[in-house]
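Working notes, structure below.
The values are calculated or read from the model by the stated rules, or taken from the named source; none is laboratory data. Quick caveat, the model's predicted, so the values are computed rather than measured. Cβ sites come from the backbone with ideal geometry, for glycine too, and all protein chains shown count toward neighbours. Note: accessible area is taken over every heavy atom of the protein model, side chains too, but ligands, DNA and RNA are not part of it. Shrake-Rupley method; radii C 1.70, N 1.55, O 1.52, S 1.80 Å.
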Amino acid sequence: QKEVEQNSGPLSVPEGAIASLNCTYSDRGSQSFFWYRQYSGKSPELIMFIYSNGDKEDGRFTAQLNKASQYVSLLIRDSQPSDSATYLCAVNGGDSSYKLIFGSGTRLLVRP
Amino acid sequence: NAGVTQTPKFQVLKTGQSMTLQCAQDMNHNSMYWYRQDPGMGLRLIYYSASEGTTDKGEVPNGYNVSRLNKREFSLRLESAAPSQTSVYFCASNGNTGELFFGEGSRLTVL
């Protein structure tokens, strides 16, 4: 079983809708959770990080963490065609905060 | 402001050849990483170095070796390349906030 699981998608939403991206992880000791966006042919770039249970909002993006259920999600409000990309969830390994494991990513398509 | 620099950006090897991917960061970060990315597989951690002088295996270390030459540089070596090592390789460094800063990637093809 992969340590960090994501639905590969593609997730297709119309422009202006809310896109919901989910990620589950297996290591209960994980403490840090990250969402990266990767455009085709480019390097990943950080969108948000979250360390505590609950919601964290930054502009159109909201990260949600539930450690008891071992899942983290990313909501994108008012989705734009420019949000079309692959979204990667990353989690630090419980045995080492330096060991960052990525999920396989969810491809998001925002239809104009 | 260079950030994380990887070389080479493209490389074609024949099976059995060796090569080293170079990575350098100018942000004074302690931790550095090597990932590979294959279609549909996301980023898989090969090796990481939490600090100068230390290296640890990630998810897929077989067939690779690393050297943390100093605080700035972290190299990845393929001793005997195999077609299964055809991939895009990303080097990254980690600031104290936990955010990874990535290089532009190195595309490696093994024939």
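Observations
- Solvent-accessible area assigned to carbon and sulfur over the protein assembly as shown amounts to 47 percent, based on a 1.4 Å probe.
- Compared with its chain on its own, the range B:37-54 contains the following residues whose accessible area drops by 50 Å² or more in the full protein assembly (probe 1.4 Å; ligands, DNA and RNA excluded): B:Leu43, B:Tyr48.
- Chain-alone versus full-assembly comparison, the range A:79-112, residues with accessible loss of at least 50 Å² (1.4 Å probe): A:Tyr98, A:Lys99, A:Leu100, A:Phe102
- Residue by residue along A:40-46, Cβ atoms of other protein chains within 10 Å of the local Cβ number 6 on average.
- Stokes-Einstein diffusion of chain A at 25 °C, 0.890 mPa s viscosity, Kirkwood radius from Cα pairs, rounded to a whole number: 176 µm²/s.
- Using θ = phi - 60° and Karplus 6.51 cos²θ - 1.76 cosθ + 1.60, couplings along the range A:51-63 (whole Hz; Gly, Pro as x): 10, 10, 4, x, 10, 9, 10, 8, x, 7, 9, 10, 9
- A simple charge model with +1 on the Cβ of Lys and Arg, -1 on the Cβ of Asp and Glu and nothing else charged puts the dipole of chain B at about 240 debye relative to its Cα centre.
- Percent RCO, i.e. relative contact order, over chain B, from Cα pairs under 8 Å lying at least 6 residues apart: 36
- Computed with the Debye formula from one identical point scatterer per Cα of chain B, without solvent, the log10 of I(q)/I(0) at q = 0.17, 0.23 Å⁻¹ comes to -0.73, -1.32.
- Per-residue Karplus couplings for the range A:66-71, computed as 6.51 cos²θ - 1.76 cosθ + 1.60 with θ equal to phi - 60°, are listed in order as 10, 5, 5, 8, 6, 9 Hz, Gly and Pro entered as x.
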